[in-house]
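Undergrad: Provided herewith is a single structure, encoded as C-alpha cells, for subsequent inquiry.
The values are calculated or read from the model by the stated rules, or taken from the named source; none is laboratory data. Since the structure is predicted, the reported quantities are computational estimates derived from the model, not experimental observations. Quick reminder, even Gly has a Cβ in these numbers, built from the backbone with ideal geometry, and neighbours come from all protein chains shown. These accessible areas exclude ligands, DNA and RNA; they are computed on the full protein's heavy atoms, side chains included. Shrake-Rupley method; radii C 1.70, N 1.55, O 1.52, S 1.80 Å.
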Amino acid sequence: NNYEFSLVLTSPLSTDGGDDGVYNWNLNVVDILGESASSTGNFVYDVTLPSKSNLKAIAGSNEINVTDGIVISQSITKLSVDYSDVLSQINFNSNQTNLYLYDGGNSLVAGTKSVSGNSVIWTLTSPLSDSGADDGNYKIQCSAADYAGNILTNEVNFTLSNPVYPTIQNILPENSVSSASDISAEVISTVGIDSSNFIVGSAAKTINVFL
C-alpha cells in the first residue's frame, strides 16, 4: 500500500523574503509490525527576486555606468550587466535571463547575447556611432531568472547625444573694405540648419548665426 503524508505549518512561510533559507526535513515511519524507516533531506525556500548591478555601456576600453536618464556621448559597441542571487543562484541558461537594447521606436537593436561569469553581455551587430547619426533615446531591458523561478525585470532609459557643431566658412566680404552690398557665408552642418535662427545683419555689415 502507498501512503501519503503532509505537514501543514502552523505559520506559513512568508512571501516577503523574511523566511527565505535552507530547510531540513526528517521523516520517520513505523509500520504495524514495528518495522521502521527514516529519510532526511532539505530544500531551499526562496521568494526573493534576483538583483542586477554594474550596468555598463562599453566602447573599447571606455566603460560608462548606465543609470536611468543618463546622457551618453560616445560610441557604444556593447552593453553588460551583472546578475546575482543569494540562495537559488541565477539560471544563466534560462531564456528569461537576458539583456536587450531597444531604440526610440521600440525596435530591438540587433546584437548577440553572451555570458561571462555572472555577466550577461549584449554585443551590437553595428555599434552606435558617435557621429550623431544614431543619436536619440534608447531603452535597456534587463531580466534574470533564478532556479526557484523568481524573475527580475527592469528597464533603464538613456539618451545618446553626440552633437556635431556646424562650421562657418567663406564669409564675404572678409575683414576688409569693400563696396559690396551683400554679405554671404557658407554654413556646413551634418544635421541641417534652423533657418529661422540664421540672421544676416546688413546694416552693421555683420553676420550673426544663432544655433
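Undergrad: Report the full-extension gain for the segment Glu155 to Asn28: residue separation times 0.36 nm, less the Cα-Cα distance, to one decimal in nm.
TA: 40.8 nm
Undergrad: Dipole size in debye (nearest 20) for the stretch 1-134 around its Cα centre, Lys and Arg Cβ +1, Asp and Glu Cβ -1?
TA: With Lys and Arg at +1 and Asp and Glu at -1, about 500 debye.
Undergrad: Keeping every protein chain in place, order Val115, Val86, Val66 by accessible area at 1.4 Å, biggest value first, i.e. largest first.
TA: Most to least solvent-accessible, the answer reads Val86, Val115, Val66.
Undergrad: Still on this structure, please answer the following. Relative to the present Cα-Cα distance, how much length would full extension add between Tyr102 and Asn1 at 0.36 nm per residue of separation?
TA: 30.5 nm
Undergrad: Hey, with R₀ at 25 Å, roughly what FRET efficiency would Thr40 and Thr15 work out to, going by the Cβ-Cβ distance, to 0.05?
TA: Computed FRET efficiency for Thr40 and Thr15: 0.40.
Undergrad: Between Ala185 and Ser84, how high is the FRET efficiency from 1/(1 + (r/R0)^6) when r is the Cβ-Cβ distance and R₀ = 45 Å? Nearest 0.05.
TA: 0.20
Undergrad: Keeping all protein chains in position, work out how much accessible area Thr159 exposes to a 1.4 Å probe, and write it in Å² to the nearest 10.
TA: Thr159 exposes around 40 Å² with every protein chain in place.
Undergrad: Just report the Cα centroid separation between the stretch 56-91 and the stretch 13-35, whole Å.
TA: Here the answer is 42 Å between Cα centres.
Undergrad: May I pose another question? Identify the chymotrypsin sites (Phe, Trp or Tyr not before Pro) of the stretch 1-96 meeting these criteria: DSSP loop state and at most 16 other C-beta atoms within 10 Å of the C-beta.
TA: Tyr3, Phe5, Phe92
Undergrad: Roughly speaking, what is the stretch gain from Asn54 to Ser126, that is 0.36 nm per residue apart minus the C-alpha to C-alpha distance, in nm to one decimal?
TA: Fully extending the segment from Asn54 to Ser126 adds 23.6 nm.
Undergrad: Of Thr77, Thr48, Leu13, whose Cα points farthest to the positive end of the dipole of the stretch 1-98 (charges on the beta-carbon: +1 Lys, Arg; -1 Asp, Glu; origin at the Cα centre)?
TA: Of the options given, the answer is Thr77.
Undergrad: Between Phe92 and Asn137, take the C-beta separation as r, use R0 = 35 Å, and let me know the FRET efficiency to the nearest 0.05.
TA: 0.75
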